[in-house]
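The structure appears below as structure tokens.
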Amino acid sequence: MKKVLLIISLIPMISYSQKKDVLKYFISKDSLVGVKNQKGEIIVPAQFRVFSNIENGELVEGETIHFDGSKKGEEREKNAWGYIYDRKGNFLYQPFLYDNGADYFQEGVRRLVKNGKMGFADRNGTTVIEATHDFVFPFNYGYAAFCDGCDWEKTDDEHKAVVGGTWGIMNDKGETVQPSSKQSENDLEVGGERYPYPFRYNEKEKGILQFFEKQNQQLSDIYYVNHYNKLSENDKKLFFEIVERPKENFPYFNINTYDNGKMNSGLSRFNFIVSEDGKNFYASDYDVEKITFEKWLKKEMKEVEEFQKEHPDNPNKLSK
């Protein structure tokens, strides 16, 4: 029986939105949460029992309205958590339940649940891949695994696992992709099969990626300094790919960092954004909206140099 364990990948859920109408959460007498505009007009009625610490009058941040909990009088959909509305009060979708809350964004999208099936929505709340599969993994390196006829079971360590069913691989359009007959070093290996390099770039985008490639060795030093096994220079090579392009409410290129196995480790501090004109480079993190790449690099180098002083026997030392 095929069994796949879920791996947590923490991706920043930072808002880079431009100016919007002011919306505020409000709490009714029976402790239900809704949303009003600045004029006091109700945008979404108070009908949600939320589990996050929302205060009465708290501003709605981000491109969508998120109610982190259940809806009064409605049975919760299996494997779903919360409700997403647009800023006009229209219901959009229910996120997939993951890590005790709504699924994280990865490569610009997150998983949603509808009528027992799963698909993907972008940060603006648009469903970009319809919910047609029984389960989908998050996107990694341009691809996502999916299965039909599969189900959940409890493992001994209380983590969920997906078992059984027929499995496949989809691209970012939701199309099923077959393994590649021709092999390239840029291919992605999944389950012993190799899939073709999924990314395509124009000249400006190639220039953006070249910025990171020129600093690959220094970034690799930072990335692997506390890795417990000795790695060769080839094994330490990082890959940088544009996984999201500028759109309404998000005027940036989003660059993910992948290790030599083409896996995104989920390290939030290695998630980068670049201005739409390709001239300004930033690092994004959970604690700040964005900091300049130069400031981030200086901070990271200081921390890894201190780590190396404290751990002189670490196998992956900084390059001289």
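Mind ranking I42, I242, I291 by accessible surface for me, highest first, 1.4 Å probe? Kindly include the intermediate steps, with their values, before the conclusion.
Details: I42 100, I242 5, I291 35 Å².
Ranked list, largest accessible area first: I42, I291, I242.
Roughly how many percent of the accessible protein surface of region 173-320 is carbon and sulfur, given a 1.4 Å probe and a whole-percent answer? Each step should come with its number before you reach the end.
Details: 4060 of 8690 Å².
It is 47 percent, rounded to a whole number.
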Exercise for review: Using 0.36 nm per residue of separation minus the Cα-Cα distance, give me the extension gain between K206 and S28 in nm, one decimal.
Suggested key: 58.9 nm
Point to revise | Among the listed pairs K247/K309; K173/K299; K20/K295; K262/K309; K262/K302; K237/K298, those beyond 32 Å (Cα-Cα) | key: K247/K309; K173/K299
Check your understanding: Any idea of the accessible area per residue across region 73-147, 1.4 Å probe, to the nearest Å²?
Key -> 38 Å²
Check your understanding: K72: which aspartates and glutamates have alpha carbons under 16 Å from its alpha carbon, excluding same-chain residues fewer than 8 sequence positions away?
Key -> D30
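How much length, in nm to one decimal, is gained on full extension between E58 and K160, taken as 0.36 nm per residue of separation minus their Cα-Cα distance?
Details: separation 102, 0.36 × 102 = 36.72 nm, distance 3.44 nm.
Gain on extension, E58 to K160, equals 33.3 nm.
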Point to revise | Computed helical MRE - 222 nm, the chain, DSSP H runs ≥ 4 contributing -39500 (n - 2.57), nearest 500 | key: -3500 deg cm²/dmol
Exercise for review: Kindly provide log₁₀ I(q)/I(0) values, in the same order as q = 0.09 Å⁻¹, from the Debye equation applied to equal alpha-carbon scatterers of the chain.
Suggested key: -0.54
Check your understanding: Which whole-Hz ³J(HN,Hα) couplings does region 55-70 yield from phi under the Karplus relation 6.51 cos²θ - 1.76 cosθ + 1.60, θ = phi - 60°, glycine and proline marked x?
Key -> 9, 4, x, 5, 5, 7, 9, x, 7, 9, 9, 10, 9, 8, x, 9
**Study point:** Heavy atoms of L23 accessible to a 1.4 Å probe, total area in Å² rounded to 10
**Key:** 10 Å²
Study note, to complete from the structure: If each K or R counts +1 and each D or E counts -1, the residues other than D259 whose Cβ falls under 10 Å of its Cβ total +2
Review point. By a straight-distance test (C-alpha under 12 Å), which aspartates and glutamates pair with K39 as possible cross-link partners, with residues fewer than eight away in the same chain excluded?
Key: D21
Check your understanding: What longest region of the chain stays clear of chymotrypsin sites (Phe, Trp or Tyr not before Pro) that DSSP places outside H, G, I, E and B and that have at most 15 other Cβ atoms within 10 Å?
Key -> 52-198
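Relative contact order of the chain, please, whole-number percent, based on alpha carbon pairs below 8 angstrom and at least 6 residues apart.
Relative CO of the chain lands at 13 percent.
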Study note, to complete from the structure: Amide H neighbours of V60 at under 5 Å, excluding residues fewer than 5 places away on the same chain, with H built from the backbone geometry, are L23, K24, Y25
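The values are calculated or read from the model by the stated rules, or taken from the named source; none is laboratory data. Everything quoted here is computed from the prediction, not taken from an experiment. Cβ: placed from backbone, ideal geometry, glycine included. Neighbour counts: every protein chain shown. We work out accessible area using only protein heavy atoms, side chains counted, and drop any ligands, DNA or RNA first. Shrake-Rupley method; radii C 1.70, N 1.55, O 1.52, S 1.80 Å.
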